[in-house]
1. So if the hydrodynamic radius of segment 56-310 is defined as the Kirkwood radius over C-alpha pairs, what does Stokes-Einstein give as its diffusion coefficient at 10 °C and 1.306 mPa s, in µm² per second?
2. Round to a whole angstrom and tell me the spacing of the C-alpha centers of segment 175-233 and segment 113-159.
3. Give me the dipole magnitude in Debye, nearest 20, for segment 128-207 about the Cα centre, with unit charges on the beta carbon: positive for Lys and Arg, negative for Asp and Glu.
4. Take residue 423 and residue 276, extend 7 Å from each Cα along the Cα→Cβ direction, and tell me the distance between the two endpoints in nm.
5. Return the aspartates and glutamates within reach of residue 324: Cα separation strictly under 16 angstrom, same-chain partners fewer than 8 residues apart disregarded; answer none if there are no such residues.
6. What translational diffusion coefficient, in µm²/s and rounded to a whole number, does the Stokes-Einstein relation yield for the chain at 10 °C and a viscosity of 1.306 mPa s, taking the hydrodynamic radius as the Kirkwood radius over Cα pairs?
7. Once you have all Cα-Cα distances for segment 393-439, histogram them in 10 Å bins from zero and send the whole-percent values.
8. What is the distance, in nm, between label points placed 7 Å from the Cα along the Cα-to-Cβ direction at residue 391 and at residue 60?
Amino acid sequence: MEKRVFERPTITKLSPGLPSKHGVGTAIAPMPFVEGLKVDELIEKYGSPLFILSESVMRKNVEDVNRAFKVRYPKFQLAWSYKTNYLDAVCRVFHQEGSWAEVVSGFEYDKARRNGIPGEHIIFNGPGKKAKELAKAASEGAYIHIDHFDELYLLADVCQKQNLEARVAIRVNMDVGIYPKWDRFGFNYENGEAWDAINRIMANPKLKLMGLHTHIGTYIMTADAYKIAATKLSDLASNIAHKFNHNIAYIDMGGGFASRNTLRGAYLSGEDTTPSFDEYADAITSAIINSQIKPDKLPTIILETGRALIDDAGHIAGTVIANKRLSDGRRATIIDVGVNMLFTSFWYDHKINPTQNHSGLVEETIIYGPLCMNIDVIRPSLMFPPLKVGEHFIISRTGAYNNTQWMQFITTRPNIILIDKNRETHIVRKAETLDDIVANEEIPEHLK
Ligand SMILES: *Cc1c(COP(=O)(O)O)cnc(C)c1O
């Protein structure tokens with residue numbers, strides 16, 4: 001056999017923008033406007049960085065999820081998940097659209113009451129409710145979703161001592177085919193714990209079993225998981241009807257619908273992989289309608305959707321602080337938005353666009369925030385045009401969790417504005433000042 005000629009291996013530099021084996025590289029288009037308003041002008045008026053919320057997008061999202069469920073099922077109710085974004089202005093938009101409040105702490109409960117929501121339109125979730133909070137919620141007619149046996153006994157004690165009745169549901173966790181399982185909240189379905197809790201509630205005359213609840217996780221990318229969960233809750237509901245001749249008023253499927261953000265490192269964009277509201281609605285409503293529950297006894301479906309209703313209504317605009325080259329030659333761009341205010345950059349590859357056209361070379365860039373911390377990375381790697389110091393950019397889909405999980409750290413937090421349907425802008429949370437930060441501090445006498 002003839003000896004084959006040695007061929008020297010070669011390394012070819014792939015030029016960005018040209019087709020690769022994955023197709024044509026995406027050029028980053030400028031995004032000069034949000035809701036028809038110039039981002040550069042908003043920054044000039046309200047400072048940088050700047051959170052921008054769109055009221056129209058929130059209302060549109062509520063309308064879409066309502067339609068998806070109401071055409072498939074007779075009774076449907078949304079409850080706004082406060083921890084996803086509890087700015088009063090945001091909550092009030094959702095309440096105006098008919099959403100109840102879903103809260104997970106006494107603090108959130110009081111915030112919902114301050115927003116004018118009566119107790120009987122509040123769903124009280126969370127694993128850490130205190131005796132005082134339980135008593136208040138029970139006396140105001142809220143739906144208390146019991147998380148564990150110790151809470152069940154605490155509530156029974158509170159109701160007995162204060163002669164109160166409580167409207168309750170239990171939170172159920174279960175195997176829905178997603179691993180690791182979310183089994184630290186609520187009572188387990190498979191091992192019989194949930195059925196045990198139901199029997200104890202039915203045996204207590206102070207506790208009124210109104211519904212069943214599950215929250216299977218967050219950013220759930222498969223509608224099938226909801227179908228499994230709704231089937232298991234419907235089974236419990238028909239077992240309750242059979243044994244106690246008691247029909248529950250609602251099945252609460254929690255939150256967890258994915259937004260169109262792209263998870264960090266995901267190969268496909270969230271815009272292509274996220275199920276629609278119709279797919280989620282199909283999965284949930286078909287499971288309940290096809291269960292053993294009689295048609296005239298069908299429970300209301302409650303949803304506590306957070307992320308999928310607010311994420312794409314939020315943006316953060318900001319300014320380039322500096323550019324530099326890392327030791328390996330990569331370009332690094334430093335911006336005035338850090339992970340302290342954009343917490344979700346730990347798990348999303350947030351979309352980021354310049355606000356102006358750029359002609360320079362699009363190349364691999366790492367985007368850092370302004371904090372003195374190595375972990376302050378907004379995007380570890382993306383193809384990005386060269387932005388000069390002082391130029392602006394806008395990061396999309398930042399509406400969920402950032403305004404609740406953000407931290408005051410090293411810098412103060414910026415203005416948040418809301419763009420209303422008439423494209424008027426309103427500050428809904430003022431930028432913090434040094435005085436705000438020290439307002440709760442006290443200096444001991446000997447240090448004055
Ligand atoms: C966080 C949470 C929600 C909202 O979840 P999303 O993933 O934002 O839709 C709903 N219900 C409960 C109990 C929660 O803890």
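1. On the way: Rh = 18.4 Å.
The Stokes-Einstein estimate is 86 µm²/s.
2. The two parts, judged by their Cα centres, are 18 Å apart.
3. Details: 11 positive and 12 negative charges, 70 e Å.
Taking the Cα centre of segment 128-207 as origin, the dipole is about 340 debye.
4. Here the modelled spin labels are 2.9 nm apart.
5. Within the straight-line cut-off, residue 324 pairs with 336, 363, 364, 376, 391.
6. On the way: Rh = 24.3 Å.
So the translational diffusion coefficient is about 65 µm²/s.
7. 20, 49, 26, 5
8. With each label point 7 Å from Cα toward Cβ, the separation is 2.8 nm.
Since every read-out is calculated from the coordinates, none of them should be taken as a lab result. These numbers were taken from a predicted model, which means no experiment stands behind them. Cβ coordinates were reconstructed from backbone atoms using ideal geometry, including for glycine residues, and neighbour counts include every protein chain displayed.
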